[in-house]
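Notes follow once the structure below has been shown.
The values are calculated or read from the model by the stated rules, or taken from the named source; none is laboratory data. Bear in mind the structure is a predicted one, so any value in this text is a computation, not a measurement. Note that we place each Cβ from the backbone using ideal geometry, even for glycine, and neighbour counts take in every protein chain shown. Surface areas here come from the heavy atoms of the whole protein model, side chains and all, with no ligands, DNA or RNA. Shrake-Rupley method; radii C 1.70, N 1.55, O 1.52, S 1.80 Å.
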Amino acid sequence: MRKRSAEQKRERRNEVFKTLRGLIVPGIIALIIGGVMLFAFTYKNVEEEEQVIPVNGYIGDGQEIVLENDQLRFTFDPATTYFTVLVKSSGKIWTAIPDDVDSDTIAMSSEKGHIRSTLNLTYSDDIGAEVPLNNFTYSIENQTFDVETDGESIIVHYSIGKAQKEFVIPPVCTAEEFEALLALADQTQTSFIQQYYKKFDINKIDEKKYDKKELLEKYPALADHVLYILRDTATDAVKAKLQGIFEGLGYTYEMYLADKELDLSIVTNDNPIFNVDLIYRLDGGSLIVEMPYSSMLYPKERPILNIDVLPFFGAGGMDDEGFMFVPEGGGALINFNNGKISQNVYYANVYGWDMCHQRDAVVHNTNAVFNTFGISDGHDSFICTIEGGSAYAAIEADIAGRFNSYNFVNAEYGVLEREQYNVGSIANNQVYVYQEFLPDEVISQRYTFIDSGSYVDMAEGYRDYLLANYGDYMKPQTDTQAPVVIEIVGAVDKVRQIVGVPVSRPLELTTYDEARDIVSTLNSEGMNNMIVKLTGWCNGGVNQAILKDIDTVWALGSASDLKKLCQTASELGCQIYLDGITEYAYNSDIFDGFFAFADSSRFISRELSQLYPYSTVTYGIRDGLDGHYLLHEQLVIEMMNNLYKASNKYGATGPCFQDIGTDLSSDFSRSNPVSREQSLVDQSAQLRAVRDNGTNVMINSGNIYAAVYSNVISRVDLKGSEYTILDETVPFLEIAIHGYITYTGEPVNISGRETDSILECAEYGAGLCYNVMAEDVEALQKTLYPMYYGSSYEAVHDRMLETYTRYNNELGHIFNQQMTGHENITSFVSCTEYADGTRVYVNYGYTDYVADGITIPARDYKVVK
């Protein structure tokens, strides 16, 4: 009989916990009530001083500013802030906005302002409504911006809103202060200043020219002071010159604000103003565009919700040919002017949904696993890689003919997030709570220009970028056989009746010894490049408890049995990864080391981030199912480290981070908030540290920040969602990483679309993936794991072996090759090419197809060497 392990001890502790729960919960509630009362008695409502946002104004001479290197020439018009980029190798000129906006017969006047903008923002008004502003109508047209350059970069300081241009000159000034400034000026400056200022002494007023009472109403300080007042004849050009003079004399913005208080004739502008900076610079063959969050100014009661940068850069017109590239799945193309104006605009969140944002229902999750988009005009192209702030980005693209005459793609960035409070009937308006801080981070977009209109060449440009930045981790593969990931399910939780009481217990599906037999058998049958992922092996099974303490599941065997499994896999030349959840706490309580109030992250509303599964029928939260918690970021990093240590302890190849590289979240905790971008940085650093220590890493899905540090990526969504506005799906990402990172598609046997899954792997150069368990599927009855109904090893073995053997024999040699070509011959036939000349034809159709004199059977692939 096996000795009781830590798993049995945990179960005994759980029973004790149920007895103590009646005492613990009231105690916690008492502490919370006491804390709230203490807060209520000690909190003082200190009114924040209203922030004054200065309005920028252009005072330059309008001379072009040029940034140039041996590859690019960037020409900037400071009077409009528009620019062109000349690619010297091809002669192609890219423009900030389309040249022919005035002739657009589709766009309305307000839409034309949107097209002419280099930056658009949306803010929330006092009732929570979203208000859009474009920086053409509300900045460029009125020249409420300033420009500065150091020769290496150009900074544009935009003031966006319904405001007149503001000049930092005294509108009214006391004689003592004004004459002190004049004493610092030379004779020419003094003469010019005196032309536009009138000296008023209330005791010497010519009452035939001036109404004394009216003057005192406008300038109350006249009662006690002699004042200098700016004449109405001063034009904007004059004010601009005066501003330059006064700046040289040491006149500051603070002095200007004080002088404004003396002038009651000035009409206060109640319209909100938003200051946003854009920075341009060149880096080799790339244009870098940056937008610092730290320099953004906005009224606290008018938070900025989102911003898009250069929304119409490189846009194609109604008569142009070309396509927009978007990061859907491995990549997708939207042809210019494809006529699909009745379909939805393309929109996808980069790295998916931030799980620290509450939602009541989920119909569909948009997800882009990499941070690049682009445009091709058929001859030339560019790719835009979001280097900073990609965690806040969403990619949007649309075709000409809907709102305007242009085909465009850009990135929209979230700035200050918000959540809606449910206040019932006590308020007529919606009540929102907003993110309290702006992270000290910089949005950065790198535009890389390609002397080709081919998406293959664009993808190769992205490959060059990845290798230049992550080449120490993306090493050329040496595989000579097709990789296959075998996911082995250890245990799941199942509710059983014990002495009439329903209790959740681990249900063994594959013991460690059974897993060792499966690995040995498959290896002997020819799966020599096998990658084993063991899931549900610890802390209760698939939906494991938090990894503060990692215990094997006693029903699966002992710790030594797990070590034997890992040793056997290693001796056979197979990789084995121990799968674990590091971002969430399932089925966890204080006896597992989990205390929700301390360990959970927080929504914007300050509520604990407890998450629930959603129904695929009603789209709302499923009733009767337990929730789980999103961990705060520091704990996520700790759990990643614990899983890494456990993989080393048991002799595995490395950890498989089940949710890292799949989900990415913020933490809006009041005491220690963490931005989504900072989570990206922290998790990337932890993955890099694991690799630097010589341990391999496996992830799922493959968000690019994690993919570049991974040896294996399983369950990659190769083609993404079939949005109707898309015209083609292409292996853009796969062209960039093939031959450097091993990746597979979804598990073939539980995908519900076996043939299509295999064909997609063949087209995209992916390894195969299977999910298996030793138990029969009947064991899963009355559990929450129907996804494993097709996982019986005995049932899938023969078909799996047959499929892999053919796949390996025909395609095994390509996995150490770069992917060098791809073509969608028809909507259902494709051809992928590799560096050694191998071509892989794939026919998704239901009839044979002849291409290049080669017959590709229906629903099959054909390899030509």
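Taking the stretch 83-96 as the range and being crowded, with 16+ Cβ neighbours inside 10 Å and in contact (Cβ under 8 Å) with a residue 40 or more places away in the chain as the test, the residues that pass are Phe83, Val85, Val87, Lys92, Trp94, Ala96.
Evaluate the following for Tyr197: is it in contact with a Leu (Cβ under 7 Å, 6 or more places away or on another chain) and in contact (Cβ under 8 Å) with a residue 40 or more places away in the chain? First the steps, then the outcome.
Details: in contact with a Leu (Cβ under 7 Å, 6 or more places away or on another chain): yes; in contact (Cβ under 8 Å) with a residue 40 or more places away in the chain: no.
Taking the combined requirement at face value, the residue does not satisfy it.
Go through the residues of the stretch 501-508 one by one and say whether even a single one is assigned to a helix (DSSP H, G or I) and either open to solvent by 20 Å² or more (accessible area, probe 1.4 Å) or farther than 29 Å from Val636 by Cα (or both). For the stretch 501-508, residues assigned to a helix (DSSP H, G or I) and either open to solvent by 20 Å² or more (accessible area, probe 1.4 Å) or farther than 29 Å from Val636 by Cα (or both): absent.
Among the residues of the stretch 600-627, write down those that are over 22 Å from Glu583 (Cβ atoms) and charged (D, E, K, R).
Initially, the stretch 600-627 is screened for residues over 22 Å from Glu583 (Cβ atoms), giving 615-620, 623-624.
Passing the criteria: only Asp623.
Within the stretch 835-865, restricting attention to residues that are among the basic types (Lys, Arg) and assigned to a loop (DSSP other than H, G, I, E, B), which residue is nearest to Leu333 (Cα to Cα)? Checking each candidate, the answer is Arg859. Taking the listed residues Tyr793, Tyr834, Tyr844, Tyr788, the one that is at pLDDT 95 or above, open to solvent by 30 Å² or more (accessible area, probe 1.4 Å) and under 35 Å from the mean Cα position of the chain (by Cα) is Tyr844, with no other qualifying.
The set of residues in the stretch 375-399 being in a strand (DSSP E or B), in contact with a Phe, Trp or Tyr (Cβ under 9 Å, 6 or more places away or on another chain) and of a type outside the set (S, T, N, Q) consists of Ile375, Phe382, Ile383, Cys384, Ile386, Ala393, Ala394, Ile395, Glu396, Ala397, Asp398. State all residues of the stretch 729-761 that are touching a Ser or Thr at 6+ places or on another chain (Cβ under 8 Å), open to solvent by less than 10 Å² (accessible area, probe 1.4 Å) and of a type in the set (Gly, Ala, Ser); if no residue qualifies, say none. Those that are touching a Ser or Thr at 6+ places or on another chain (Cβ under 8 Å), open to solvent by less than 10 Å² (accessible area, probe 1.4 Å) and of a type in the set (Gly, Ala, Ser): Gly745, Ser757.
Among the residues of the stretch 546-558, some residue qualifies, meaning at least one is assigned to a helix (DSSP H, G or I) and surrounded by 24 or more Cβ atoms within 10 Å (Cβ to Cβ).
Listed here are the residues, each with its yes/no results for (1) at pLDDT 95 or above; (2) in contact with a Leu (Cβ under 8 Å, 6 or more places away or on another chain); (3) in a helix (DSSP H, G or I).
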position: Lys213; (1), (2), (3): no, no, yes
position: Thr233; (1), (2), (3): no, no, no
position: Leu257; (1), (2), (3): no, no, yes
position: Leu262; (1), (2), (3): no, yes, no
position: Ile266; (1), (2), (3): no, no, no
position: Asn271; (1), (2), (3): no, no, no
position: Asp277; (1), (2), (3): yes, no, no
position: Leu282; (1), (2), (3): yes, yes, no
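The rows are residues; the columns are (1) modelled with pLDDT of 95 or more; (2) within 27 Å of the chain's Cα centre (by Cα); (3) farther than 19 Å from Asp493 by Cβ.
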| site | (1), (2), (3) |
| --- | --- |
| Leu565 | yes, no, yes |
| Glu571 | yes, no, yes |
| Asp579 | yes, yes, no |
| Thr582 | yes, yes, no |
| Gln634 | yes, yes, yes |
| Ile637 | yes, yes, yes |
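Could you list all residues from the stretch 693-703 that are within 21 Å of Gln678 (Cβ to Cβ) and open to solvent by 10 Å² or more (accessible area, probe 1.4 Å)? The answer is Ser701, and nothing else. Of all residue pairs spaced 6 or more apart or on separate chains, those with beta-carbon atoms under 6 Å, a first member in the stretch 321-334 that is farther than 13 Å from Asn410 by Cα and a second member that is open to solvent by less than 10 Å² (accessible area, probe 1.4 Å) and of a type in the set (S, T, N, Q) are Gly322/Ser376; Phe323/Ser376. Restricting to the stretch 286-345, name every residue that is over 23 Å from Ser444 (Cα atoms), outside any loop (DSSP other than H, G, I, E, B) and open to solvent by 10 Å² or more (accessible area, probe 1.4 Å). Answer for the stretch 286-345, where residues must be over 23 Å from Ser444 (Cα atoms), outside any loop (DSSP other than H, G, I, E, B) and open to solvent by 10 Å² or more (accessible area, probe 1.4 Å): Phe323, Asn335. Scanning the stretch 818-834 for residues that are part of a loop (DSSP other than H, G, I, E, B) and touching a helix residue (DSSP H, G or I) at 6+ places or on another chain (Cβ under 9 Å) yields one hit, Gln818. Against the criterion of being under 31 Å from the mean Cα position of the chain (by Cα) and open to solvent by less than 20 Å² (accessible area, probe 1.4 Å), Phe145 qualifies. In summary, His822 fulfils each of the numbered conditions (1) within 14 Å of Glu525 (Cα to Cα); (2) in contact with a strand residue (DSSP E or B) (Cβ under 8 Å, 6 or more places away or on another chain); (3) not polar (S, T, N, Q) with the single exception of condition (1). The residues in the stretch 488-500 that are crowded, with 19+ Cβ neighbours inside 10 Å and among the aliphatic types (A, V, I, L, M) can be counted, and the count is 4. Summed over the stretch 182-240, residues that are within 17 Å of Asp263 (Cβ to Cβ), surrounded by 12 or more Cβ atoms within 10 Å (Cβ to Cβ) and hydrophobic (A, V, I, L, M, F, W, C) total 11. If you filter the stretch 590-617 down to residues that are open to solvent by less than 30 Å² (accessible area, probe 1.4 Å) and touching a residue at least 60 places away in the same chain (Cβ under 8 Å), you find that the one that is farthest from Ser647 (Cα to Cα) is Ser605.
So, in the stretch 107-130, of the ones that are in a loop (DSSP other than H, G, I, E, B) and open to solvent by 60 Å² or more (accessible area, probe 1.4 Å), which residue ends up nearest to Ala315 (Cα to Cα)? This residue is Met108.
Does Lys239 satisfy being under 27 Å from Val52 (Cα atoms), within 50 Å of the chain's Cα centre (by Cα) and of a type in the set (Lys, Arg)? Can you show your working first?
Details: under 27 Å from Val52 (Cα atoms): yes; within 50 Å of the chain's Cα centre (by Cα): yes; of a type in the set (Lys, Arg): yes.
Against the criterion (under 27 Å from Val52 (Cα atoms), within 50 Å of the chain's Cα centre (by Cα) and of a type in the set (Lys, Arg)), Lys239 qualifies.
Whenever a residue of the stretch 398-416 is open to solvent by 10 Å² or more (accessible area, probe 1.4 Å), it has no partner that is basic (Lys, Arg) lying with C-beta atoms less than 7 angstrom away and at least six residues away or across chains. For Ala689, are the conditions met, namely being open to solvent by less than 60 Å² (accessible area, probe 1.4 Å), within 12 Å of Phe657 (Cα to Cα), at pLDDT 95 or above and not in a loop (DSSP other than H, G, I, E, B)? When the stated conditions are applied, Ala689 does not pass them.
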